[in-house]
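Trainee: The following block contains the structure, expressed as structure tokens.
The values are calculated or read from the model by the stated rules, or taken from the named source; none is laboratory data. This one's a predicted model, so the numbers in the text were calculated from it and none came from an experiment. Please note: Cβ atoms are built from the backbone with ideal geometry, for glycine as well, and neighbour counts cover all protein chains shown.
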Amino acid sequence: MARPGAHRDRDRRPAALLRSDALRGVCLERTIELDNVRLSVRDWPGLGRAIVHSPDPLSPRSVIDRLAALAPTHRVLSLAPRAGLAYQVTALDLVGVLNQFGFVRPVLVGEGLGCVSVALVAAWHPECAGGLVLVDATCEPPPHDSLEARALRDCPPDWAALRSRWRCTVLELRADDASLLRRIEACAAAPLP
């Protein structure tokens, strides 16, 4: 017997179909908690494969505003890096975010020093990367004495070893490349192997 007030199947109506134009311009500011760590993310909902952005933690410049234009065709997410951490920890934060959201092989976009983190994720967890985009990649330590700088000086990433472990499409682009969005969208639209 049905509970009082419960709907019966004959009373149910199909849910409205979600259309991409309903998502255009929507940006959600989120704070998620992973192992007692709070991370801030900006999330542009979309219907296609996710594009996850890791900005340069030391530089205010960013391509995220341009990447956001790919929503709602694709879901776009940008992780705000925590200040004062080694790039290895930022990579672990990124893996935690991918797991939290349940993304299936998103395109990882790194920018500047953020490229180091996405490169590590693609090498350590190749099943997590459906594509890798390195925008203005650098691993040069900043001139000041910070944890980020010491990590890059004392334990620089081995790019040859990382490259040998990548199992996805890799694009290396410049932020001023006029075809940046078109190439990232093509990477996100490509079928997974």
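Trainee: If a residue must be in contact with a strand residue (DSSP E or B) (Cβ under 7 Å, 6 or more places away or on another chain) and either assigned to a helix (DSSP H, G or I) or under 19 Å from residue 46 (Cβ atoms) (or both), how many such residues does the range 102-115 contain?
Mentor: 7
Trainee: So, one more: Given the conditions (1) of a type outside the set (Phe, Trp, Tyr); (2) modelled with pLDDT of 90 or more; (3) within 24 Å of residue 176 (Cα to Cα); (4) touching a Lys or Arg at 6+ places or on another chain (Cβ under 9 Å), report the number of the one that residue 105 does not fulfil.
Mentor: Of the numbered conditions (1) of a type outside the set (Phe, Trp, Tyr); (2) modelled with pLDDT of 90 or more; (3) within 24 Å of residue 176 (Cα to Cα); (4) touching a Lys or Arg at 6+ places or on another chain (Cβ under 9 Å), the odd one out for residue 105 is (3).
Trainee: Follow-up question, since we're still on this one. Can you tell which of 157, 126, 142 is of a type outside the set (A, V, I, L, M) and touching an Asp or Glu at 6+ places or on another chain (Cβ under 7 Å)?
Mentor: Residue meeting the stated conditions: 142.
Trainee: Just one of (1) under 20 Å from residue 39 (Cα atoms); (2) at pLDDT 95 or above; (3) loosely packed, with under 15 Cβ neighbours inside 10 Å trips up residue 95, so point out which.
Mentor: (3)
Trainee: List the pairs whose first member sits in the range 139-160 and is small (Gly, Ala, Ser), whose second member is at pLDDT below 85 and exposed (fewer than 13 other Cβ atoms within 10 Å of the Cβ), and whose Cβ atoms are under 9 Å apart, counting only residues at least 6 apart or on separate chains?
Mentor: 146/83; 146/84; 149/143
Per-residue answers, yes or no, for (1) in contact (Cβ under 8 Å) with a residue 60 or more places away in the chain; (2) surrounded by 13 or more Cβ atoms within 10 Å (Cβ to Cβ):
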| residue | (1), (2) |
| --- | --- |
| 168 | yes, yes |
| 171 | no, yes |
| 178 | no, no |
| 181 | yes, yes |
| 184 | yes, yes |
| 188 | yes, yes |
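Trainee: Let me ask something additional. Considering only residues of the range 23-59 that are assigned to a loop (DSSP other than H, G, I, E, B) and among the charged types (D, E, K, R), which is farthest from residue 174 (Cα to Cα)?
Mentor: The residue in question is 35.
Trainee: Checking residue 73 against (1) touching a residue at least 24 places away in the same chain (Cβ under 8 Å); (2) farther than 17 Å from residue 23 by Cβ; (3) touching a strand residue (DSSP E or B) at 6+ places or on another chain (Cβ under 8 Å): exactly one of these is not met. Which one?
Mentor: With respect to (1) touching a residue at least 24 places away in the same chain (Cβ under 8 Å); (2) farther than 17 Å from residue 23 by Cβ; (3) touching a strand residue (DSSP E or B) at 6+ places or on another chain (Cβ under 8 Å), residue 73 is out only on (2).
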